1. Condition check: more than 30 Å from residue 106 (Cβ to Cβ), at pLDDT below 75 and either touching a strand residue (DSSP E or B) at 6+ places or on another chain (Cβ under 7 Å) or part of a loop (DSSP other than H, G, I, E, B) (or both). Does residue 272 satisfy that?
2. Across the range 1-39, what is the total count of residues that are away from the ligand (no atom under 16 Å from the Cβ) and either touching a strand residue (DSSP E or B) at 6+ places or on another chain (Cβ under 8 Å) or at pLDDT 95 or above (or both)?
3. Looking for whichever is touching a residue at least 12 places away in the same chain (Cβ under 8 Å), closer than 24 Å to residue 143 by Cα and away from the ligand (no atom under 11 Å from the Cβ) here; the options are 99, 78. Which one fits?
4. May I ask you to verify whether residue 109 is within 13 Å of the ligand (Cβ to nearest atom), closer than 23 Å to residue 142 by Cβ and not in a loop (DSSP other than H, G, I, E, B)?
5. Filter the range 174-187 down to the residues that are farther than 15 Å from residue 122 by Cα and in a strand (DSSP E or B) and list them by number.
6. Within the group 87, 145, which residue is within 15 Å of the ligand (Cβ to nearest atom) and either under 21 Å from residue 199 (Cα atoms) or buried (at least 21 other Cβ atoms within 10 Å of the Cβ) (or both)?
7. Out of all the residues in the range 235-250, is one or more assigned to a loop (DSSP other than H, G, I, E, B), modelled with pLDDT of 65 or more and surrounded by 12 or more Cβ atoms within 10 Å (Cβ to Cβ)?
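The values are calculated or read from the model by the stated rules, or taken from the named source; none is laboratory data. Note that this is a predicted model, so its numbers are computed, not measured. Neighbour counts run over all protein chains shown; Cβ positions are idealised from the backbone, glycine included.
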Ligand code: SAM
């Protein structure tokens, strides 16, 4: 399918290009924020798994360009982390790093001058293999790594927003989050395809156990890290709870659809025919930012130099 036809088929894809966003995901964060207003009055923000950078663009625009308190701009900082290199974005410090590696936390804290963040978001998605169980497991591990890093960097009462896939064991995650945050909601923005299992957890009011000092240790697994948290609670530890967990006791996070019924439906096909300029409707738009180092780059170079030929 050509990009012109995708422009028509997916209005968020087209609108992202019109508004200068690098990816259509920008609308997911914007629509979540319409409902929860978590982007008001932020100072220190971490965008995990940020490439190509449309969430960081949203953060930069709301915190700086459209800020209601520009006099505070010099105290504000956005750090965007991804395995992939990212092209620069105004007011954003980019870090090419693995969020599952403990050194990444140290680098973020260093950039914040050891201050903590008000807001951490993660739109992380690993490369899919097509093996469903493996993909689900790796995605779950990525969310847990993002949460682990968040517990070490988020201020009390801060917000954590992360992409999830509503698989079989998702209520286990909701329970764990319920121990760390005052309110946990599973939200589905209109720009996220209804046909996909993708949703976002919006965790408000970070409120960890008072006597727990989260600390990343290279020699501890994510599970061991969180055991430390549950054990420090005076309540029955989650570990004990999970042993005799009955289905009816499983936590169900409230589910909320956001983005308003009038916004574009991401599963519908639209025909763009603006009455004032029908010609413009047929033009496809160039990407806002070409990928910096895509995995297919080498193949393209070989193809252009005629070296990508198969021996007959
Ligand atoms: N929110 C981004 C935006 O709006 O442009 C899109 C994020 S994209 C869906 C998912 C990203 O997760 C990819 O860029 C990928 O490189 C990143 N990622 C996956 N595993 C990671 C890891 N362990 N550490 C850092 N980034 C990771």
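1. Yes.
2. Total satisfying the criteria: 4.
3. Numbers: 99 fails: away from the ligand (no atom under 11 Å from the Cβ).
Result of the check over 99, 78: 78.
4. No; evaluated as a whole, the condition is false for this residue.
5. 181, 182, 183, 184, 185
6. The unique qualifying residue is 145.
7. no
Residues are listed down the side, and each one gets a yes or a no for (1) part of a loop (DSSP other than H, G, I, E, B); (2) surrounded by 22 or more Cβ atoms within 10 Å (Cβ to Cβ); (3) within 16 Å of the ligand (Cβ to nearest atom):
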| residue | (1), (2), (3) |
| --- | --- |
| 161 | no, yes, yes |
| 172 | no, no, no |
| 191 | yes, yes, yes |
| 194 | yes, no, no |
| 202 | no, yes, yes |
| 213 | yes, no, no |
| 216 | yes, no, yes |
